[in-house]
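Note sheet for the following structure.
The values are calculated or read from the model by the stated rules, or taken from the named source; none is laboratory data. Only a predicted model underlies this, so the values are computations on that prediction, with no experimental measurement involved. Don't worry about glycine lacking a Cβ; one is built from the backbone with ideal geometry, like all the others, and counts go over all protein chains shown. Just so you know, the surface numbers come from the protein's heavy atoms only, side chains and all, with ligands and any DNA or RNA stripped out. Shrake-Rupley method; radii C 1.70, N 1.55, O 1.52, S 1.80 Å.
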Amino acid sequence: TQLLEQSPQFLSIQEGENLTVYCNSSSVFSSLQWYRQEPGEGPVLLVTVVTGGEVKKLKRLTFQFGDARKDSSLHITAAQTGDTGLYLCAGYNNAGKSTFGDGTTLTVKP
Amino acid sequence: DTGVSQNPRHKITKRGQNVTFRCDPISEHNRLYWYRQTLGQGPEFLTYFQNEAQLEKSRLLSDRFSAERPKGSFSTLEIQRTEQGDSAMYLCASSLSTGFEQYFGPGTRLTVT
């Protein structure tokens, strides 16, 4: 069974601060996705990382895939209240399935 | 709007009743996934289809759950004899078989009283 552990589980920060959340596994994935989910809605895809060591930037968000393709991080610079939400990582294997972590709940206070 | 749609958005039912949910995927996507999500947890895989074929079903899924995708387009998820433990958000996602990325619908929130 492939498991993804996300940390921290909860994070509360002030607007303007930087933060990093982590997604770790003992399994290798062919790719990894990050999603953001708001209460009562489905997850929205933010990014896919495929290559070990890959770094992708999406405005103030920076995503990194570990060299061994087992872990990933999401860094947010100068957080805004609109960044509040549940951040989920999902590892995809070649059998066509994705395994999700339990997410990091981020609250950005004004 | 060409995104994934799910109906109904909310369902309240009494224990023991049957419920059916529908998912309409993005039209060109041939893979369709069902997940269940409870508060404080990430989506848990239930089953997935490629076209009309059901390729995998979670061992966590009891015999009360069944899913179909008869024409390779929309899909239905039925829960028979609902139990309070079935209360959750049921999410549908679709993707291309050549792609990693799944696109989710808004979910159906089931409450079993």
Checklist entry - For region A:1-63, which trypsin sites (Lys or Arg not before Pro) are both in a DSSP coil and crowded by at most 10 other Cβ atoms within 10 Å? => result A:K59
Item to check | Solvent-accessible area per residue, Å², over the protein assembly as shown with all protein chains present [probe radius 1.4 Å] | outcome: 49 Å²
Next on the checklist: Using Cα springs under 10 Å in a Gaussian network model of chain B, which residue among B:Q41, B:Q54, B:Q17 shows the largest mean-square fluctuation?
Outcome noted: B:Q41
Next on the checklist: Cut-off 10 angstrom, C-alpha nodes, Gaussian network model of chain A. Which of A:L74, A:L32, A:L19 fluctuates the most?
Outcome noted: A:L19
Checklist entry - Once Lys and Arg get +1 and Asp and Glu get -1 on their Cβ, which of A:L19, B:Q80, A:L46 lies farthest toward the positive end of the dipole of the protein assembly as shown? => result B:Q80
Next on the checklist: Please list log₁₀ I(q)/I(0) at q = 0.15 Å⁻¹ for region B:10-81, using the Debye equation with identical point scatterers on the alpha-carbon positions.
Outcome noted: -0.53
Checklist entry - Across the protein assembly as shown, how many lysine pairs, 8 or more apart or on two chains, come within less than 21 Å at their alpha-carbon atoms? => result 6
Item to check | A:T77 accessible area, 1.4 Å probe, all protein chains in place, Å² to nearest 10 | outcome: 60 Å²
Checklist entry - Can you give the extra length, in nm with one decimal, that the chain gains between A:V55 and A:S27 once fully stretched, where that is 0.36 nm per residue apart less the Cα-Cα distance? => result 8.1 nm
Checklist entry - Where the eigenvalues come from the Cα gyration tensor of chain A, what are the semi-axes √(5λ) of the equivalent ellipsoid, largest first, in whole Å? => result 23, 15, 12
Checklist entry - With the contact rule set at Cα under 8 Å and sequence spacing of 6 or more, what percent relative contact order holds for chain B? => result 37 percent
